[in-house]
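Participant: Sharing a structure below in C-alpha cells format, with a few things to ask.
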Amino acid sequence: MTDWLSVASGAAPLIVSIPHAGTIIPDDIAGLRSLELARRDADHHVDRLYAFAAELGATIVHSRISRTVIDLNRDPSGQSLYPGQATTGLCPVSTFDGEPLYTDGAEPDAAEIERRRSVWFEPYHAALGEQIARLRALHPAIVLYDGHSIRSHVPRLFDGELPQFNIGSYDGASCAVALTEAIAADCADDSHVVNGRFKGGWITRRYGDPARGIHAVQMELAIRGYADEVGAWPPPWDAERAVPMQAKLRSILTACLDFAKGQP
C-alpha cells in the first residue's frame, strides 16, 4: 500500500478494481485552473460503496489519485476507446462537460504524460496484473469487476438520463455472456443496459480474456442511486441513502462469485 494505491488481497475468485474514486492531486501537477474543477468528475464514494466486497473474500485494488492527473482506465497509447464520440484522454485536458482543466498553454506535454504514466499508471496496472495472476493460479476462472460511477446527466457524453446500471463487456469480448446476463438479472427491477454508452474501458478490454478464465466486466453506476446529484458538489457521503444500493451491489458481486465458481 502507498499513499495513493491500496491492494486488499482476498482469496475468492473476484477482483474489484476502483480506478476513478480518487481525489488526490499532487503539488507537482501544475497549471490547473481549479482543484475543485479537477476533482469534479471523480467517481465519488465508489470506494465506500464497495468496501463490503472484502467481506465476500474479494480482492480490492483502489487508486486515490485523481483521474485528472492520469486516467487509469484509458489506453496508454492515447487512442480513443470510443472513436467518434466525446470522451476524455489519458491525461484529461477538459472535464466531462468540456470545460478546460488547465490555463492556456499549461496542458501536460509528452514528457509530463510519460512521467505520470511511470509514477501512477504503470504501478496500478502492475498491481492489477499481479492480483489477476495470483487468483488465476488458485481458481479455474476469476471475475475482474471494474467499478465506476458518473452523473446521471452529462449532455456532452450521452443523451437524456443514464440508466442506473450500465454493464459493459466490450460487446461480449471481455467476459462470457452468462456473466453479463447474471448481472443484468439482478438489475431487472431498475433501469439498466448491457453494452450501451459504456461498453467497458481500458481495464475491461485489456484484461478480459474469457478463453483463459479471466472474465472482465465494467459497471458504471448513475450517482443518483446512492447520492444527491443536486446541490453542493461533490455530494457528501450518505451512509443511510447508500444502503439499498450496497444491498444491490452485494447481490451483483455474489452473482459474479457464483459465476466464477461455476466455471469448469
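The values are calculated or read from the model by the stated rules, or taken from the named source; none is laboratory data. Every value quoted in this text rests on a predicted model; they were computed, and no experiment measured them. Glycine also receives a Cβ, built like all others from the backbone with ideal geometry; neighbour counts cover every protein chain displayed.
Participant: Please work out which residue is farthest from His153 (Cα to Cα), limiting yourself to the stretch 86-104 and to residues that are touching a residue at least 60 places away in the same chain (Cβ under 8 Å) and of a type outside the set (D, E, K, R).
Facilitator: It comes out as Thr103.
Participant: Within the stretch 210-217, is even one residue farther than 19 Å from Val16 by Cβ, of a type outside the set (Val, Ile, Thr) and at pLDDT below 95?
Facilitator: No: the stretch 210-217 contains no residue that is farther than 19 Å from Val16 by Cβ, of a type outside the set (Val, Ile, Thr) and at pLDDT below 95.
Participant: Considering only the stretch 61-101, state which residues are among the hydroxyl-bearing types (Ser, Thr, Tyr) and under 17 Å from Asp146 (Cβ atoms).
Facilitator: Within the stretch 61-101, Ser63, Tyr82, Thr87, Thr88 meet the criteria.
Participant: For the stretch 22-136, give me every one of the helices (runs of 4 or more DSSP H) that falls completely inside it and has 1 or more residues that are buried (at least 22 other Cβ atoms within 10 Å of the Cβ), at pLDDT 95 or above and within 19 Å of the chain's Cα centre (by Cα).
Facilitator: 46-49
Participant: Being of a type outside the set (Lys, Arg), closer than 20 Å to Ile65 by Cα and out of contact with any helix residue (DSSP H, G or I) (no Cβ under 9 Å at 6 or more places or on another chain) is the requirement here; does Glu181 meet it?
Facilitator: No; evaluated as a whole, the condition is false for this residue.
Participant: Out of curiosity, is Ser152 surrounded by fewer than 16 Cβ atoms within 10 Å (Cβ to Cβ) and in a loop (DSSP other than H, G, I, E, B)?
Facilitator: No; evaluated as a whole, the condition is false for this residue.
Participant: State the number of residues belonging to the stretch 209-226 that are out of contact with any helix residue (DSSP H, G or I) (no Cβ under 7 Å at 6 or more places or on another chain) and more than 24 Å from Gly129 (Cα to Cα).
Facilitator: Matching residues across the stretch 209-226 total 4.
Participant: Restricting to the stretch 219-242, what's the tally of residues that are within 24 Å of Val143 (Cβ to Cβ) and not acidic (Asp, Glu)?
Facilitator: Of the residues in that region, 7 qualify.
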